Amino acid sequence: MRIAIGCDHRGLNLKMAIMELLSELGHGYEDFGCYDTGSVDYPDIGGKVAQAVAQGRFDHGILVCSTGIGMSIVANKVPGICAALCHDTFSAQRSRAHNDANVLCLGEWVIGEGPAKEIVKAYLAAEFEGGRHAKRLEKVRALEEGKLP
């Protein structure tokens, strides 16, 4: 699996730990930054990762900031992206199985490295179930295209 990964300055440590995990699991990834603790604007990096996933260059994206909220908001502005902010393995698994999420967002200040790694594993191991969930996602895509119910 190819993963696009990025963080702001408040998510750097967790991003580094996740990249190590991705290597251990045998997944390829590209790091979209940031690369040090100097202040950066999360929309710059979150937008690049989300666009790369939406363009089909990567199977999934992982974004990290202090809470995960900012990255989640940014990623969900990109058409074709379904970003899920997850703080536990159940939500991570469900974000894939029921919502077909393609970007996982995490908050370094909210969860520790151990739980974050388990969340990433659960997210990457899950698959979209389709069925009744596909119909619902069609409605979400219609909203994304400006077609109101």
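Of note:
- Summing charges over all other residues whose Cβ lies under 13 Å from the Cβ of Glu145, with Lys and Arg as +1 and Asp and Glu as -1, gives +1.
- In a DSSP loop and with at most 16 other Cβ atoms within 10 Å, the chymotrypsin sites (Phe, Trp or Tyr not before Pro) in the range 1-78 are Tyr35.
- In Hz, Karplus ³J(HN,Hα) per residue of the range 125-133 (6.51, -1.76, 1.60; θ = phi - 60°; x = Gly, Pro): 7, 7, 10, 5, 7, x, x, 4, 6
- Relative contact order of the chain, pairs being alpha-carbon contacts under 8 Å that are 6 or more residues apart, as %: 23 percent
- Each residue of the range 44-51 was assigned a 3J(HN,Hα) from its phi angle through the Karplus curve 6.51 cos²θ - 1.76 cosθ + 1.60 (θ = phi - 60°); the sequence is 5, 7, x, x, 5, 5, 4, 5 Hz, with glycine and proline shown as x.
- Efficiency of FRET between Glu20 and Lys139 - r from beta-carbon atoms, R0 30 angstrom, step 0.05: 0.20
- Pairs beyond 29 Å (Cα-Cα), from Lys48/Lys139; Lys117/Lys147; Lys77/Lys121: Lys117/Lys147
- For Asp8, the shell of other residues with beta-carbons less than 15 Å away shows a net charge of -2, using +1 for Lys and Arg and -1 for Asp and Glu.
- Label-to-label distance, nm, for residues given as Asp36 and Glu127 (7 Å Cα→Cβ offset): 4.4 nm
- Dipole moment magnitude, nearest 20 debye, the chain about Cα centre, only Lys, Arg, Asp, Glu C-beta charged: 640 debye
Bear in mind these aren't lab numbers, they're just calculated from the coordinates by the rules spelled out. The structure presented is a predicted model; accordingly, all values stated were derived computationally and were not measured. All Cβ positions, even for glycine, are placed from backbone atoms using ideal geometry, and neighbour counts span all protein chains on display.
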